[in-house]
Amino acid sequence: MNAPLISGDLAATEADVSPATIRKWVQLGHLKAAGRQGRRSMYRLEDVFAAERCVRRAARAQS
């Protein structure tokens with residue numbers, strides 16, 4: 001079964017970060033778009049949460 005795809009804005013809301021953070025995660029390779037709807041990148045929610053865990057874990061390791 002295919003997971004539903006969500007926009008970057010909704011992904012940011014779900015992860016409690018700004019849309020710019022979602023774009024930065026993509027830039028850094030922590031998150032990859034699963035598809036496109038017109039010009040908008042679409043993401044799997046589980047991928048967004050995995051990227052969030054990865055980034056937060058890395059931040060904790062540096063502290």
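Exactly one of (1) surrounded by 14 or more Cβ atoms within 10 Å (Cβ to Cβ); (2) modelled with pLDDT of 95 or more is unmet by residue 27. Its number?
So the condition that residue 27 fails would be (1).
Test residue 41 against the criterion of being loosely packed, with under 10 Cβ neighbours inside 10 Å and of a type in the set (Ser, Thr, Tyr), and give yes or no. Show your work before the answer.
Values: loosely packed, with under 10 Cβ neighbours inside 10 Å: no; of a type in the set (Ser, Thr, Tyr): yes.
So residue 41 fails the test.
Going through segment 10-32 one residue at a time, which ones are closer than 16 Å to residue 50 by Cβ, outside any helix (DSSP H, G or I) and either of a type in the set (Asp, Glu) or more than 8 Å from the chain's Cα centre (by Cα) (or both)?
Across segment 10-32, the qualifying residues are 16, 17, 29.
Of the numbered conditions (1) crowded, with 16+ Cβ neighbours inside 10 Å; (2) part of a helix (DSSP H, G or I); (3) modelled with pLDDT of 95 or more, residue 46 satisfies every one except a single condition; which is it?
(1)
Inside segment 1-24, can you point out the residues that are surrounded by 13 or more Cβ atoms within 10 Å (Cβ to Cβ), among the polar types (S, T, N, Q) and in contact with a helix residue (DSSP H, G or I) (Cβ under 7 Å, 6 or more places away or on another chain)?
Residue satisfying the conditions is 21 alone.
The values are calculated or read from the model by the stated rules, or taken from the named source; none is laboratory data. No experiment lies behind these values; they were computed from the predicted model shown. Cβ: placed from backbone, ideal geometry, glycine included. Neighbour counts: every protein chain shown.
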